[in-house]
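Input: a single structure, listed below in structure tokens.
The values are calculated or read from the model by the stated rules, or taken from the named source; none is laboratory data. Not measured: the values here are computed from a predicted model. Note that each Cβ is placed from the backbone with ideal geometry, even for glycine, and that neighbours are counted across all protein chains shown.
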Amino acid sequence: MKDRLPIGDREEQAARPGPLAGITVVSLEQAVSAPLCTRTLADLGARVIKIENPAGGDFAREYDDVVRGMAAHFVWLNRGKESVTLNLKTPEGLDVLHRLLADADAFVTNLAPGATARLGLDAETLELTYPRLVTCEISGYGSGGPLSDKRAYDLLAQAESGACSITGLPGKPAKPGPPVADACTGLYGVISILATLQARGRTGHGGKTAVSLFDTMTELMGYALTWSAYTGEDQEPVGMGSPSVAPYSSYATSDGQVVVLGTTNDREWQRLATELLGRADLATDKRYRDGPRRVVHRAELDEVIGEWCARHTLAHIRKAADDAGIGNARYNTTTDVVAHPHLAARGRWREVSSPVGPVRTLLAPPVLDGYDPVLGPIPALGEHTDTVLRGLGLAEEDLARLRAAGAIGPAFAGAAD
């Protein structure tokens, strides 16, 4: 092999848009948590090299085929990345990964418990070899506990953390719809990486970071756990509402819609009762004087508000609520949100390239002054293997040898050089 070269030209990397231009991230990732972490970094301008097994790659590629043959999860989570196929069970494949890590800034993983250690890719080992590297290991339960060796998926972490117990209705627990454990863990991974990169700028040394689904969910459960710790009681789920706030729920309207109305303090309750419902008597009723009392009498208040909403259209209710300074929303389904006028007016839907042509994608939430959104293509499996490995200084005969050894996947037809 030729002498190792940087993974591409650093000046060329720094010329990319985004505040993380010049940062290279290597990932060993599957499913949601780590892919959302690295996609967020890519959206901010980092170069993300996604290592995939030649035999199928990220299993999220096969979840479904609804996006013109591609899986919706994969389309959501993998724009802006370069896919490199490596068989890490071969010495040659593992050697290529180490060559990539030698020039990387961050390494993100969410493999099964113990997998990185078996490969010699655990954070402690890598820190000795690559002291400037920032590692982020995303796991189910973190280290040092009785559950540390267990596999964990989004539903499992939500159940273990108690989130399902306060979702749904009494006696009918439910999983929160979005993959909250996976997604928020990935975002905590982003925070950890950015903080450690900032520290590296001062110290010159990278560092180990770790985030677990269980720790993330117990953080998100902070209010409910604190409440239970001090009351000794379990909170009951209240469907579309909050166990700690009332009135705060959904109500049917006269035109077949559903409106959501909420109050979060006594002043809002006073306005809802007097200005929206026209019921000054409710505003002065001692039963509803403060939040805890209103929670006790939730059913009574929901009945009164529900009866009022049933006599008015959604448009009338929302205008009256806005005029009274009361928070309100329309209950939407996912197809409603796809066509939501607020997304359209703000240009939140964009198109990105993919192996099957342009596909729709939503912009990430951050709006950064002076930076346009970085929306790179969605990669085909192994699309960038040859290009990235050539950037390491490998010649065509080296690539042929690696393929013969089963260390990399077949050449990608039409791969960009």
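Against the conditions (1) at pLDDT 95 or above; (2) at positive phi, where does A163 fall short? Just the number, please.
Condition (2) is where A163 drops out.
Looking at (1) assigned to a helix (DSSP H, G or I); (2) surrounded by fewer than 24 Cβ atoms within 10 Å (Cβ to Cβ); (3) touching a Leu at 6+ places or on another chain (Cβ under 7 Å), find the lone condition where V25 falls short.
(1)
Just to check your reading of the model, which residue among L133, L169, L86 is farther than 30 Å from T203 by Cα, surrounded by 21 or more Cβ atoms within 10 Å (Cβ to Cβ) and touching a residue at least 40 places away in the same chain (Cβ under 8 Å)?
L86
Could you check how many residues of the stretch 330-359 are outside any helix (DSSP H, G or I) and either more than 18 Å from the chain's Cα centre (by Cα) or of a type in the set (F, W, Y) (or both)?
Residues that pass the stated criteria total 19.
One line per residue, one yes/no per condition, for (1) under 30 Å from A159 (Cα atoms); (2) out of contact with any strand residue (DSSP E or B) (no Cβ under 8 Å at 6 or more places or on another chain):
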site	(1), (2)
A55	no, yes
L97	no, no
D103	no, no
N110	yes, no
A123	yes, no
L128	no, yes
V134	no, no
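I'd like the full set of residues that are outside any helix (DSSP H, G or I), among the hydrophobic types (A, V, I, L, M, F, W, C) and in contact with a helix residue (DSSP H, G or I) (Cβ under 6 Å, 6 or more places away or on another chain), limited to the stretch 302-329.
Scanning the stretch 302-329 gives a single hit, I326.
For the stretch 31-144, which fully contained strands (runs of 3 or more DSSP E) count at least 1 residues that are within 23 Å of D215 (Cβ to Cβ)?
Result: 106-109, 134-139.
Determine which single condition Q198 fails, assuming it passes every other condition in (1) touching a strand residue (DSSP E or B) at 6+ places or on another chain (Cβ under 9 Å); (2) assigned by TED's automatic domain parsing to the domain that holds S143; (3) surrounded by fewer than 15 Cβ atoms within 10 Å (Cβ to Cβ).
(1)
Determine the pairs where a residue that is free of Cβ contacts under 8 Å to residues at least 40 places away in the same chain, located within the stretch 15-34, has a partner that is of a type outside the set (A, V, I, L, M, F, W, C) with Cβ atoms under 6 Å apart, the partner being 6 or more residues away or on another chain.
L20/G45; A21/G45; G22/Q13
For the stretch 321-341, which positions are free of Cβ contacts under 8 Å to residues at least 60 places away in the same chain and among the aliphatic types (A, V, I, L, M)?
A324, V337, V338, A339
Please give the helices (runs of 4 or more DSSP H) falling wholly within the stretch 176-274 in which 3 or more residues are of a type in the set (S, T, Y).
In the stretch 176-274, the matching helices (runs of 4 or more DSSP H) lie at 180-203, 222-231.
Go through the stretch 294-314 residue by residue and tally those that are in contact (Cβ under 8 Å) with a residue 60 or more places away in the chain and under 14 Å from T263 (Cα atoms).
1
Those residues that are farther than 30 Å from R318 by Cα and touching a residue at least 40 places away in the same chain (Cβ under 8 Å), I need them from the stretch 225-253; list them, please.
L225, D234, Q235 - these are the residues of the stretch 225-253 that are farther than 30 Å from R318 by Cα and touching a residue at least 40 places away in the same chain (Cβ under 8 Å).
Is at least one residue of the stretch 60-68 in contact (Cβ under 8 Å) with a residue 40 or more places away in the chain, crowded, with 18+ Cβ neighbours inside 10 Å and within 21 Å of I191 (Cα to Cα)?
no
Please enumerate the residues belonging to the stretch 236-268 that are at pLDDT 95 or above and β-branched (V, I, T).
T253, V258, V259, V260
Which residues, taken from the stretch 145-166, are buried (at least 21 other Cβ atoms within 10 Å of the Cβ), aliphatic (A, V, I, L, M) and outside any helix (DSSP H, G or I)?
Residue satisfying the conditions is A152 alone.
Tally the residues that are within 34 Å of the chain's Cα centre (by Cα) and either surrounded by 12 or more Cβ atoms within 10 Å (Cβ to Cβ) or in contact (Cβ under 8 Å) with a residue 40 or more places away in the chain (or both), restricting the search to the stretch 254-292.
Number of matching residues: 10.
Can you tell me which of (1) under 17 Å from T40 (Cβ atoms); (2) in contact with a Gly (Cβ under 7 Å, 6 or more places away or on another chain); (3) among the hydrophobic types (A, V, I, L, M, F, W, C) is the one A174 doesn't meet?
(1)
Return yes when T387 is among the hydroxyl-bearing types (S, T, Y) and in the same structural domain as A46 (by TED's automatic domain parsing) and no when it is not.
yes
Quick one: would you say G80 is on the phi > 0 side of the Ramachandran plot, touching a residue at least 24 places away in the same chain (Cβ under 8 Å) and in contact with a helix residue (DSSP H, G or I) (Cβ under 9 Å, 6 or more places away or on another chain)?
So G80 passes the test.
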